[in-house]
Amino acid sequence: MTVVGSFAVSHAPGMLAWPERAEEDLRRRMMDAYQRSGERLRALRPDVVVLLTGEHFANFFSVIPAFCVHIGDTTEGPIEPWLRVAKRTIPTDAELANRILRAALDAGRDVAYGYELVLDHGSMVPLELMQVPHDVPIVPIIVNTLVDPLPSLDSCRKLGEVLGRVLADSDRRVVLIGAGGLSHWPGMAEAGKMSPEWDGALLDALVAGRRETLWSLPAAGYEDAGPGAEEIRAWAVVGAATPAARAEVLAYEAVEAWATGCAVVDLLPSRSQPE
């Protein structure tokens, strides 16, 4: 069974930790979009969710892998007590994770692996806001989107292609989630700065079916999009693993209270409409 659904979403921690700070209409539109994406995900009846995201010094400090697959039997999160989410143990699909890891290594993609990775808001925001069922196992794959040097967008594409081939041969119903971005300046003096123009150019390209934009980013306004826009690497891996389609943007808002250009995107809308 190939990929049955694929989503690209933002993971701004404020969506869980301080949602009330956002203007009511902006908050409602974003939460409604997350709710609709979750309804679509659950309607697909996934056997497993493969989750691509960056992390924020939850697991890696002095050693920073470009990519890391969690191959343990469970994980847990969130690590942040302020996220307003109860910490819990989350089941994982170690067998599928091992298949992905070995396929990547066989293809010349030198991917790291770990048995005890834990999850921060980069993973927990989509899991919670999309209401991914707690009994559905996940495969967490961490992409370095934070510490220079970062993996190239082309490297993300190549890993995504390997991932897509593995999932195409799987007997599981798989939903992909890529979490991160869009424009923001996390923890920096420019925090609060966003670029709706850069975000919009990227989203327009996905809606037009130009998935390749994810590994050839629009240059216009990129400096204004900030270091947080580098999290698009999680989207790039997922995009390359997902069958070609025109995306549907369920919501986009540049939310000052969350200091992030926030989006919820269905990359395979023709497959994920609720019955």
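Considering only residues in the stretch 29-70 that are of a type in the set (Val, Ile, Thr) and within 18 Å of the chain's Cα centre (by Cα), the one that is nearest to GLY122 (Cα to Cα) turns out to be THR53.
Before we move on, is GLY5 under 19 Å from GLY178 (Cα atoms), crowded, with 18+ Cβ neighbours inside 10 Å, in contact with a Lys or Arg (Cβ under 9 Å, 6 or more places away or on another chain) and not hydrophobic (A, V, I, L, M, F, W, C)? Yes; evaluated as a whole, the condition is true for this residue.
If you check LEU167, LEU203, LEU182 for being out of contact with any helix residue (DSSP H, G or I) (no Cβ under 7 Å at 6 or more places or on another chain), buried (at least 19 other Cβ atoms within 10 Å of the Cβ) and not β-branched (Val, Ile, Thr), only one passes: LEU203. Please verify whether GLY181 is at pLDDT 95 or above and either under 24 Å from PRO269 (Cβ atoms) or aromatic (Phe, Trp, Tyr) (or both), treating the condition exactly as stated. Judged against the criteria, GLY181 is not a match. Output yes when any residue across the stretch 79-95 is more than 27 Å from LYS158 (Cβ to Cβ), out of contact with any helix residue (DSSP H, G or I) (no Cβ under 8 Å at 6 or more places or on another chain), surrounded by fewer than 15 Cβ atoms within 10 Å (Cβ to Cβ) and among the hydroxyl-bearing types (Ser, Thr, Tyr), and no when none is. For the stretch 79-95, residues more than 27 Å from LYS158 (Cβ to Cβ), out of contact with any helix residue (DSSP H, G or I) (no Cβ under 8 Å at 6 or more places or on another chain), surrounded by fewer than 15 Cβ atoms within 10 Å (Cβ to Cβ) and among the hydroxyl-bearing types (Ser, Thr, Tyr): present. Considering THR213, THR260, THR242, the condition of being in contact with a helix residue (DSSP H, G or I) (Cβ under 8 Å, 6 or more places away or on another chain) and free of Cβ contacts under 8 Å to residues at least 24 places away in the same chain is satisfied by THR213 alone. The single residue among ALA229, ALA240, ALA220 that is closer than 21 Å to ILE141 by Cα and surrounded by fewer than 24 Cβ atoms within 10 Å (Cβ to Cβ) turns out to be ALA240. Count of the stretch 44-58 residues, restricted to those that are out of contact with any Asp or Glu (no Cβ under 6 Å at 6 or more places or on another chain) and either buried (at least 20 other Cβ atoms within 10 Å of the Cβ) or at pLDDT 95 or above (or both), is 9.
The values are calculated or read from the model by the stated rules, or taken from the named source; none is laboratory data. As the structure is a prediction and not an experimental result, all values here were calculated from the model. All Cβ positions, glycine included, derive from the backbone under ideal geometry; neighbour counts span all protein chains shown.
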